[in-house]
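Here is the structure we will look at.
No lab work stands behind these numbers, since they all come straight from the coordinates. Note that the structure is predicted; figures quoted are calculated from it, not measured. Reconstructed Cβ throughout: ideal geometry from the backbone, glycine too, with neighbour counts over all protein chains shown.
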Amino acid sequence: MKRKVRSIVISAIIIIVGAGTYVYLGTHPGAPSNANVPLEPQTMGNLDLKSSTFRDGDPIPAKFTCDGDNVNPMLEIRNAPRGTRSFALIVDDPDASNGGVWDHWLLWNIDPKTQYIMEDNIPFGAVQGTNSFGKERYGGPCPPRGNAPHRYMFKLYALDTMLNLAQGATKAELEAAIRGHVLEQTTLMGKYGRK
């Protein structure tokens, strides 16, 4: 009988200690983070990114591509969520011919009061990263001739922090820096093809 009671008590202690360890590791600030946490927040809000030069899903005018002036289009930011400390912007092409994603523009530490990113310009204080062209600036759409139109994703992130990230950082470094700090995300998509 005593052995049974002792076994039950020991089992109960093991369960309690195990549960406590699980709760501690799941909630303690020093617990290891999940490297696979998505950049996107759990719920989407009203953050909006649009352009006067093209609508979501429409062709991007040649002026903003390698066939034109190769300058960034004007972008308008609306409805930043409460607590936004900065914005980050990633422009990439998921249809790149190399089988990967081609990075066209990386921009971060955009002031949270920013409502417009003007044509051929960056907001004061914003920092640019290195794109797939090896440049620290906007590089417009330039898909191979004869390809079906590629999609160009203008991805805006509202962050709860300013980033301590050096100029010229890569997209992988930028994505690592914003992970866990995204309040909301929105995407504007344009298309471009060359005959």
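For the pair Arg82/Arg145, report the inter-label distance in nm, with labels modelled 7 Å from Cα in the Cβ direction.
5.6 nm
Beyond 21 Å between alpha-carbons counts as too far, so tell me which of Lys63/Lys135; Lys113/Lys135; Lys171/Lys195 fall in that bin. Display every interim value, and only then the final one.
Numbers: Lys63/Lys135 19 Å; Lys113/Lys135 27 Å; Lys171/Lys195 29 Å.
Listed pairs above 21 Å: Lys113/Lys135; Lys171/Lys195.
Could you run the Karplus curve 6.51 cos²θ - 1.76 cosθ + 1.60 with θ = phi - 60° over region 160-177 and give me ³J(HN,Hα) per residue in whole Hz, x for Gly and Pro?
For region 160-177, the Karplus-derived couplings read 8, 7, 8, 9, 8, 9, 5, 4, x, 4, 7, 5, 4, 5, 5, 5, 5, 5 Hz, x marking Gly and Pro.
Starting from 0.36 nm per residue, how many nanometres of slack lie between Arg194 and Asp160 once their C-alpha separation is accounted for?
On the way: separation 34, 0.36 × 34 = 12.24 nm, distance 3.91 nm.
Between Arg194 and Asp160, full extension yields an extra 8.3 nm.
Return the FRET efficiency for the residue pair Phe124, Lys63: r is the Cβ-Cβ distance, R0 is 25 Å, and the value is rounded to the nearest 0.05. Walk me through the numbers before you get to the answer.
Working: r = 24 Å, r/R0 = 0.95.
That pair, Phe124 with Lys63, gives E of 0.55.
List the residues whose amide H sits under 5 Å from the amide H of Asn72, counting only those 5 or more places along or on another chain, with H placed 1.01 Å from N in the peptide plane.
Sorted by chain and number, the residues that satisfy this are Asp120, Asn121.
If only Cα atoms are counted, what is the Rg of region 36-192, and what is its Dmax, in Å?
Rg, Dmax (Cα atoms, Å): 14.7, 45.
Residues in region 107-142 near a label at Met74, defined as backbone nitrogen under 15 Å from the 7 Å Cα→Cβ point?
Counting backbone N atoms under 15 Å from the label point, the list is 115-123.
Can you tally the net charge around Met162? Count Lys and Arg as +1, Asp and Glu as -1, for every other residue whose Cβ sits under 10 Å from the Cβ of Met162. Each step should come with its number before you reach the end.
Numbers: positive: Arg85; negative: Asp111, Asp160.
Local net charge: -1.
Positive end of the dipole of region 48-135, charges at C-beta (+1 Lys, Arg; -1 Asp, Glu), about the Cα centre: which of Ala96, Ile122, Ile110 has its Cα farthest in that direction?
Comparing the listed Cα positions along the dipole, Ile110 ranks first.
Rounded to whole Hz and in sequence order, give me ³J(HN,Hα) for region 89-106 from the Karplus expression 6.51 cos²θ - 1.76 cosθ + 1.60, θ = phi - 60°, writing x for Gly and Pro.
Going residue by residue, I get 10, 10, 10, 9, 10, x, 9, 3, 5, 7, x, x, 10, 9, 8, 9, 7, 10 Hz, with x marking Gly and Pro.
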